[in-house]
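*Asks:* The structure's right below; bear with me while I get my questions together.
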Amino acid sequence: MEASPVRFAYADPPYLGMGARFYGDRHPDAGDWDRPETHEALIDRLSAFDAWAMSLSSTTLRVILPLCPYDARVGAWVKPFASFKPGVNPAYAWEPVVFHGGRKRDRKARTVRDWVSVEIALRRGCPGAKPAAMCWWLFDFLGVEPDDEFHDLFPGSGAVQRAWESWCRVNRGFPLLEAL
């Protein structure tokens with residue numbers, strides 16, 4: 001029996017407290033993301049989807065998580081190579097990802113970990129661009145399928161959409177046409 005399509009979304013907004021600093025020169029409303037209320041409105045918007053994931057910074061997890069549904073899960077994107085900045089110790093070498101919903105798996109399905117270790121994406125033209133392997137983990141975590149409906153709420157560099165398209169090609173049985 002074929003599963004019904006799932007509507008799912010991914011949000012990688014400017015992280016709380018970093019909107020004006022990193023995106024102020026690109027977007028006139030970037031400073032709005034420095035307020036928890038803006039993130040709360042985003043979570044309300046995400047709740048209209050069957051499944052969703054949202055990236056955030058480790059320093060704001062304690063603010064953002066209480067705004068999420070009680071049954072949301074937190075996963076970790078661990079960065080084996082991260083930008084080390086002078087005077088910043090310990091380094092910021094992981095990012096939380098909040099997940100909600102998703103397709104249920106049966107006992108025979110491959111188990112997906114609640115963390116992934118993937119190198120950061122460099123020189124993508126947009127601060128915080130996500131690497132394809134991290135995106136593939138998101139898709140696996142949510143249990144999505146190639147015929148599901150995907151919405152990238154913050155397209156930025158376009159890397160997440162490209163990762164979705166390549167993930168769909170592979171999971172439909174077509175050869176991967178572009179390198180991860």
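So that you can scan it fast, the table gives a plain yes or no per residue for (1) of a type in the set (Asp, Glu); (2) surrounded by 13 or more Cβ atoms within 10 Å (Cβ to Cβ); (3) farther than 17 Å from Leu138 by Cα; (4) in contact with a Pro (Cβ under 9 Å, 6 or more places away or on another chain):
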position: Thr60; (1), (2), (3), (4): no, yes, yes, yes
position: Pro66; (1), (2), (3), (4): no, no, yes, no
position: Tyr70; (1), (2), (3), (4): no, no, yes, no
position: Ser83; (1), (2), (3), (4): no, no, yes, no
position: Gly87; (1), (2), (3), (4): no, no, yes, no
position: Val98; (1), (2), (3), (4): no, yes, no, no
position: Lys104; (1), (2), (3), (4): no, no, no, no
position: Lys108; (1), (2), (3), (4): no, no, yes, no
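*Asks:* Are any of the residues in region 28-41 in contact (Cβ under 8 Å) with a residue 40 or more places away in the chain and either touching a Gly at 6+ places or on another chain (Cβ under 6 Å) or surrounded by 13 or more Cβ atoms within 10 Å (Cβ to Cβ) (or both)?
*Replies:* Taking region 28-41 as the starting set, the residues that turn out to be in contact (Cβ under 8 Å) with a residue 40 or more places away in the chain are none.
The answer is no, given that none of the residues of region 28-41 is in contact (Cβ under 8 Å) with a residue 40 or more places away in the chain and either touching a Gly at 6+ places or on another chain (Cβ under 6 Å) or surrounded by 13 or more Cβ atoms within 10 Å (Cβ to Cβ) (or both).
*Asks:* Give me a count of the residues in region 27-52 that are of a type outside the set (A, V, I, L, M) and not in a loop (DSSP other than H, G, I, E, B).
*Replies:* The initial filter retains those residues of region 27-52 that are of a type outside the set (A, V, I, L, M), namely 27-29, 31-40, 44-45, 47, 49-50, 52.
Pick out the ones that are also not in a loop (DSSP other than H, G, I, E, B) and you get 31-34, 36-40, 44-45, 52.
Number of matching residues: 12.
*Asks:* In addition: Exactly one condition in (1) of a type in the set (A, V, I, L, M, F, W, C); (2) modelled with pLDDT of 95 or more; (3) crowded, with 16+ Cβ neighbours inside 10 Å; (4) out of contact with any helix residue (DSSP H, G or I) (no Cβ under 6 Å at 6 or more places or on another chain) is not met by Ala51; state its number.
*Replies:* Among (1) of a type in the set (A, V, I, L, M, F, W, C); (2) modelled with pLDDT of 95 or more; (3) crowded, with 16+ Cβ neighbours inside 10 Å; (4) out of contact with any helix residue (DSSP H, G or I) (no Cβ under 6 Å at 6 or more places or on another chain), Ala51 violates only (4).
*Asks:* A further question follows. Cβ-Cβ under 8 Å, sequence separation 6+ or interchain: first residue in region 56-77 and farther than 18 Å from Lys130 by Cβ, partner among the hydrophobic types (A, V, I, L, M, F, W, C) and in a loop (DSSP other than H, G, I, E, B). Which pairs?
*Replies:* Here the result reads Val63/Leu16; Leu65/Ala72, each pair linking region 56-77 to a residue that is among the hydrophobic types (A, V, I, L, M, F, W, C) and in a loop (DSSP other than H, G, I, E, B).
*Asks:* Still on this model: Name the single residue that is farthest from Leu42 (Cα to Cα) among those in region 67-86 being at pLDDT below 90 and of a type outside the set (S, T, N, Q). Before the answer, list the steps.
*Replies:* First, the residues of region 67-86 that are at pLDDT below 90: 81-86.
In the following step, the residues that additionally are of a type outside the set (S, T, N, Q) were identified as 81-82, 84-86.
Working: Phe81: 30, Ala82: 27, Phe84: 30, Lys85: 30, Pro86: 33 Å.
Here the answer is Pro86.
*Asks:* Return yes or no: is Arg45 over 27 Å from Asp148 (Cα atoms), modelled with pLDDT of 95 or more and surrounded by fewer than 16 Cβ atoms within 10 Å (Cβ to Cβ)?
*Replies:* Values: over 27 Å from Asp148 (Cα atoms): no; modelled with pLDDT of 95 or more: yes; surrounded by fewer than 16 Cβ atoms within 10 Å (Cβ to Cβ): yes.
For Arg45, the condition - over 27 Å from Asp148 (Cα atoms), modelled with pLDDT of 95 or more and surrounded by fewer than 16 Cβ atoms within 10 Å (Cβ to Cβ) - is not met.
The values are calculated or read from the model by the stated rules, or taken from the named source; none is laboratory data. All values reported here derive from a predicted model rather than from experimental measurement. As a convention, Cβ positions derive from the backbone with ideal geometry for all residues, glycine included, and neighbour counts pool all protein chains shown.
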